[in-house]
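What follows is one structure encoded as structure tokens, with my remarks underneath.
The values are calculated or read from the model by the stated rules, or taken from the named source; none is laboratory data. What you see is a predicted model, and the numbers here were worked out from it, not measured in a lab. As a convention, Cβ positions derive from the backbone with ideal geometry for all residues, glycine included, and neighbour counts pool all protein chains shown.
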Amino acid sequence: MNGKQAGVDTGRLTLTVRLRDRVILAVLVLAAIESVIYFGDYWFLGGHRKHLALFIVLSYAVFRNPVRSVFSWLFFQFIRVSSGHVLERKVTVDVLTTAMPGEPYDMFDATLRAIQRLAYPHTTYLLDGGNDERLKALCNELGAAHVNCRGIPGAKAGKINHCLKNYSRGEFLLILDPDHVPEADFLDRALPSFQDEKTGFVQVVQAYYNERKNVVAHGAAEQTYGFYGPLMMSLDGLDMAIAIGANCLFRRKALDSIGGHAVHLAEDACTSLRLHGEGWKSRYVPYRASYGLVPEDLQTFFKQQLKWASGMFDLFRHEYPKWFRRLNFQAKLYYFFAGTHYLNGLAGFISIAAPILLLFFQAYAIEMPLSGFLLHVTPYILLSFAINMFVQRWYTDRRERGFPWRSMLLEKGTWHIYALSFVYTLAGKKVPYLPTPKTGAGRTSLALLLPHMLAVGLSLAAIAFPFFSYHRIDTGTRLMMFFALMNAAALTPVIVWGLRNPDEGRKENA
Amino acid sequence: MKSSRALPLLVLAVAGVFFLYAYGVKPFERLALEGYYQIIVKNRVVHKSALVRGSGFQLGLYRPELPYQFSRLYSMQDSLCVRFSIVSYYQAWGDDEENAFRTRVNRNLIKGDFIPLITWEPWIAGFNGYQGQNPEASLRMLASGAFDGYIREWAREAVRFGKPFFLRPGHEMSNPWYSWSRQYGNTPEVFKTFWQRVVRIFHDEGARNVAFVWNPYTPADTVFYPGNDYVDWIGLDVFNFGSLSEEGIWMDFYTITKLLYDAVKFSGKPILVAETGCAEAGGNKNNWYRDMFHSLAAGNFPLIKALVLFDTPLAVTPTGISVDLGFSGDSTVYRAINRSELADNLHIKPSIKGDK
């Protein structure tokens, strides 16, 4: 961590991490951590507990986010923007992209042409799961290699491994999602980070060209801004950037050391875990080297989240323990942090169900004045907001800055999907791999919105209930009514988004 | 970073964060709360002068089930056709929750448009370490500041409550029943020091809403009077025990009150009859109450601005005889009272039927 660094061009703006930024961030983070303790002191030691078991359950839902925030704030202390390296010798690079039957031909046409325009000398492979004649012809025309991957098991990773074993001989491999159109200087920007022989892979920004299409796309993209911005830069500072599947450059030797690309529901995260376990470093280059698609409707978004959540749960259950001893301290911490992220479904369920049940059954988990709750939670909310706003200076595009209300509502409105994948995992049931359809499929099926409608309806009923049937509305009741009201207010917009045709309310494109 | 090196560092950092919390954040919170109290809470207080309502006369009630059950109070209002505006209850000093300021109770009273009259009894026996003991000259301990913490906290809660109310500490200071009385070795000087200390603490905390009611037991108790600066209202306890009294004579309201009234009127303070009741034995109770209201309406006692009925069948005479002081026990009492007089001449707020 040194204070002075040259700026790095993301393609949209120049990023720097100055000493002053670090000091301000450290002070904000320290204050924010104190604010979490302040809130915890009041909640746990203020003598408000009424029923131990209910209190524990409720406390989990309330404190999950503050505690996780503390971890992400701590990671921010290691932020670094990478650049300035020079790769001294010429290397061989293979660019791999995959095709599945049913994906639109035009997309491959655009992507393959862009790949061929990459300035750095490279060989292009199209790994075709359908062995499509038109794609073969396209490859011939453009001078790319067409690999017949029909019947190769293991989804994307299986095809990559098939190609690695039988065709590709490059020292470095760029794995691109077929919907991502790379910039011509992609390789020139990313390859220098391999100067250190211990660097196993280099990840670049994943940006989207349809993020302003509608509020769902915008929200889904918003969820990634912090990740591709300050969080990945912080992980880079710890030499452990995470592979995201798309736009990742691998050192072939590194992939070989773990027996090829991992075949897993969360293949990208799994591959990085194994590589970090093998002792490889990884880097993040905050360059917007390609633009892809983000889900434009709730149905697609839910599908994508279900896959990711189930993948991360599986990773946490099966891969994390296996590799635990071989990970260094910060990797142990980070993969724990990432592996438990999707438990937010459980917290979401509790935070919605608890006020409803407590109000209807007149059960008391906690007796706390609403004013006291608000007074003690406000410093945390303000400071975490301040940190969120402050680290936005490291977002890779100025347009990404702003209060991320869309992504917050969207995350709240995906609780049932996360909870579902948690239940799948507990039951040991496998979620089938579905390639994420990325273009608007239409309206969201009502079945996926029903839990929200039920939650809003029951929350409102639970708020009304005490007025009719309670002898006295006391402080604990008022707190629960407040929670229920917040839930109803947060879930309603998501229902509206789901009912709306995703092509309505179109915004100007990026 | 190796795990072996990171762990002690982490433990140290966590300890540092908690240390900072305990010595940097928490004290600041206390400071902030104190600032909030001094700047905001103190200034929200409604001044006690609001308790004096022009020419209007205020009627109050003590009943054993108050301030928790109001059905009897409401039915009495309906019978008398006037409203009670004061509800009287008794609270002892001490360390327990029941000894603390009863914010919720008092808020409920205000919601019902009642002013609390709190008789605040400085029993030393309620404090930890003094259980069951009522030491001689207990007021000397209170006057020395030993229980200032309790007084101050009570005062602060009263300020947070913010609405005007009557506070009657150490009432009947020559009644031998009470540990703060002369019979327990509390001299007038000690009583006055004690009283002034309590009032000063309330004043320091900004309790401008608290009206201090100084309440003698006999006309001779004026030697306990702490001075006009420390008293807002004067309270009188007016009981007729009839043939059950020590003297064995039936005395009407006017006669008893006249003695007390003449003794205290020098102060010029508004007067509140904080307890009043009549026994059955030796006379006509209904007429006693009738004459009481009549005497007040006739303007015999211009300084008396309020009167609280001590309505309980479970009272005891000073000599220890159980006595029914119930006002509402017999419906004939309402017929005896000239109800239009209450509203028209005495200017007590009329009640609307079913006013609750």
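Just a few scattered comments:
- Among residues of segment B:91-131, those that are at pLDDT below 90 and surrounded by 15 or more Cβ atoms within 10 Å (Cβ to Cβ), counted: 5
- Count - residues of segment B:273-287 that are of a type outside the set (S, T, N, Q) and surrounded by fewer than 23 Cβ atoms within 10 Å (Cβ to Cβ): 4
- The condition (being surrounded by fewer than 14 Cβ atoms within 10 Å (Cβ to Cβ), assigned by TED's automatic domain parsing to the domain that holds B:Asn338 and in contact (Cβ under 8 Å) with a residue 60 or more places away in the chain) is satisfied by just one residue among B:Ser88, B:Ser55, B:Ser71: B:Ser55.
- Tally, over segment A:311-370, of residues that are of a type in the set (Asp, Glu) and either under 25 Å from the mean Cα position of the chain (by Cα) or closer than 26 Å to A:Ala155 by Cβ (or both): 2
- Every condition in (1) under 27 Å from A:Tyr228 (Cα atoms); (2) without any contact (Cβ under 8 Å) to a residue 40 or more places away in the chain; (3) within 14 Å of another protein chain (Cβ to nearest Cβ) holds for A:Arg18 except the one numbered (3).
- Sole exception among (1) under 18 Å from the mean Cα position of the chain (by Cα); (2) crowded, with 16+ Cβ neighbours inside 10 Å; (3) at pLDDT below 90 for A:Gly413, by number: (3)
- Scanning segment B:243-264 for residues that are more than 24 Å from B:Gly227 (Cα to Cα), buried (at least 20 other Cβ atoms within 10 Å of the Cβ) and out of contact with any helix residue (DSSP H, G or I) (no Cβ under 6 Å at 6 or more places or on another chain) yields B:Ser245, B:Met251.
- The lone criterion from (1) touching a residue at least 24 places away in the same chain (Cβ under 8 Å); (2) farther than 25 Å from B:Arg156 by Cβ; (3) within 14 Å of chain A (Cβ to nearest Cβ) left unmet by B:Gln77 is number (3).
- Among the residues listed as B:Ala298, B:Ala306, the single one being in contact with a Ser or Thr (Cβ under 9 Å, 6 or more places away or on another chain) and either buried (at least 21 other Cβ atoms within 10 Å of the Cβ) or in the same structural domain as B:Leu59 (by TED's automatic domain parsing) (or both): B:Ala306
Each row is one residue, and each column tells you yes or no for (1) in contact (Cβ under 8 Å) with a residue 40 or more places away in the chain; (2) surrounded by fewer than 19 Cβ atoms within 10 Å (Cβ to Cβ); (3) of a type outside the set (Ser, Thr, Tyr).
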{"position": "A:Leu327", "(1), (2), (3)": "yes, no, yes"}
{"position": "A:Tyr334", "(1), (2), (3)": "yes, no, no"}
{"position": "A:Phe337", "(1), (2), (3)": "yes, yes, yes"}
{"position": "A:Gly348", "(1), (2), (3)": "yes, no, yes"}
{"position": "A:Leu358", "(1), (2), (3)": "yes, no, yes"}
{"position": "A:Ala365", "(1), (2), (3)": "yes, no, yes"}
{"position": "A:Pro369", "(1), (2), (3)": "yes, yes, yes"}
{"position": "A:Leu374", "(1), (2), (3)": "no, yes, yes"}
{"position": "A:Thr378", "(1), (2), (3)": "no, yes, no"}
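- So A:Phe227, is it of a type outside the set (Val, Ile, Thr) and closer than 30 Å to A:Val494 by Cα: yes
- Hits in segment A:149-185 - residues which are among the aromatic types (Phe, Trp, Tyr) and in a loop (DSSP other than H, G, I, E, B): A:Tyr167
- Consider segment B:178-221 and keep the residues that are among the polar types (S, T, N, Q) and surrounded by fewer than 15 Cβ atoms within 10 Å (Cβ to Cβ). The one that is nearest to the chain's Cα centre (by Cα) is B:Thr218.
- Test for A:Gly402: is it outside any helix (DSSP H, G or I) and away from chain B (no Cβ under 14 Å): yes
- Spans of helices (runs of 4 or more DSSP H) in segment A:38-148 with at least 3 residues buried (at least 16 other Cβ atoms within 10 Å of the Cβ), out of contact with any Asp or Glu (no Cβ under 9 Å at 6 or more places or on another chain) and within 14 Å of chain B (Cβ to nearest Cβ): A:52-76
- Near pairs, Cβ below 9 angstrom, 6+ apart or cross-chain, from segment B:16-37 (more than 7 Å from every other protein chain (Cβ to nearest Cβ) and over 22 Å from B:Ala155 (Cα atoms)) to any residue that is assigned to a helix (DSSP H, G or I) and charged (D, E, K, R): B:Gly24/A:Glu34; B:Lys26/A:Asp41
- Restricting attention to segment A:27-37, the residues that are more than 8 Å from chain B (Cβ to nearest Cβ), surrounded by 15 or more Cβ atoms within 10 Å (Cβ to Cβ) and aliphatic (A, V, I, L, M) add up to 5.
- Screening A:Ile350 on (1) closer than 18 Å to A:Leu235 by Cβ; (2) assigned to a helix (DSSP H, G or I) shows it passes everything except condition (1).
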